[in-house]
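Asker: Quick one: this structure, given as structure tokens, is what I'll be asking you about.
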Amino acid sequence: MNLGLVIYGALDQRSGGYLYDRKLVEALQESGDRVELISLPPRRYAQNLLDNFDPELRRRLGIRPFDLLLQDELNHPSLFWLNRRLRSAGPPIVAIVHLLRSGEPRPPALNWAYRQIERAYLRSVSGAVFVSRATEAAAEALLKAEIPGVVAHPG
């Protein structure tokens, strides 16, 4: 299969989420799949929202002959609206969900805004890979619906 993986920055960053993504890419490549990284610039949340209206990003994601487009859910602000346009003519989109930003402790009004964007993002994907049952439950509670997907525990 020919897969795309959308991430912020480089895959060699030191965090649990990036380690998970690296191991996933390694496993896919060892299985004979081709994985192309699509790196978006890491910026502030509000700046990432503007990516949804970037014709160059839409072109980059839309012209590749992917069989499946993986997206780290961390990229949700850049993709929540763009995905709706990509899905109409492109491959299935699968989110890799490590945790939801809206579930982190912060002022309620800010988390309310994050929930709206994360909900729109999760509605824009065909399915998900969850790192835990708790993450799957949190995402489904946010959507108030089941999300087609699998739980693939780290390690």
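Asker: State whether the residues of region 36-51 include one that is among the aliphatic types (A, V, I, L, M), over 25 Å from ALA141 (Cα atoms) and open to solvent by 20 Å² or more (accessible area, probe 1.4 Å).
Answerer: Yes.
Asker: Taking region 110-130 only, how many residues are part of a helix (DSSP H, G or I) and in contact with a strand residue (DSSP E or B) (Cβ under 9 Å, 6 or more places away or on another chain)?
Answerer: 2
Asker: Could you tell me whether ASP21 is among the charged types (D, E, K, R) and open to solvent by less than 20 Å² (accessible area, probe 1.4 Å)?
Answerer: When the stated conditions are applied, ASP21 passes them.
Asker: Mind checking which pairs have a first residue in region 22-51 that is more than 23 Å from ASN83 (Cα to Cα) and in contact (Cβ under 8 Å) with a residue 12 or more places away in the chain and a second that is open to solvent by less than 60 Å² (accessible area, probe 1.4 Å) and among the small types (Gly, Ala, Ser), Cβ under 8 Å, 6 or more apart or different chains?
Answerer: none
Asker: Name the single residue that is least open to solvent (accessible area, probe 1.4 Å) among those in region 131-155 being in a strand (DSSP E or B) and over 23 Å from TRP81 (Cβ atoms).
Answerer: So, considering only residues that are in a strand (DSSP E or B) and over 23 Å from TRP81 (Cβ atoms), the one least open to solvent (accessible area, probe 1.4 Å) is VAL151.
Asker: Among the residues of region 86-109, write down those that are hydroxyl-bearing (Ser, Thr, Tyr) and open to solvent by 80 Å² or more (accessible area, probe 1.4 Å).
Answerer: Scanning region 86-109 gives a single hit, SER88.
Asker: Here's something else I'd like to know. Among the candidates GLU140, GLU73, GLU118, which residue alone is touching a Ser or Thr at 6+ places or on another chain (Cβ under 7 Å), among the acidic types (Asp, Glu) and at pLDDT 95 or above?
Answerer: That would be GLU118, the only listed residue that is touching a Ser or Thr at 6+ places or on another chain (Cβ under 7 Å), among the acidic types (Asp, Glu) and at pLDDT 95 or above.
Asker: In addition: Could you please give the count of residues in region 63-85 that are open to solvent by 50 Å² or more (accessible area, probe 1.4 Å), free of Cβ contacts under 8 Å to residues at least 60 places away in the same chain and closer than 17 Å to SER126 by Cα?
Answerer: So the answer is 3.
The values are calculated or read from the model by the stated rules, or taken from the named source; none is laboratory data. Computed from a prediction, not measured in an experiment: that's the story for all the values here. Backbone-built Cβ (ideal geometry, glycine too); neighbour counts: all protein chains shown. Protein only, heavy atoms only, side chains kept; ligands, DNA and RNA dropped before computing areas. Shrake-Rupley method; radii C 1.70, N 1.55, O 1.52, S 1.80 Å.
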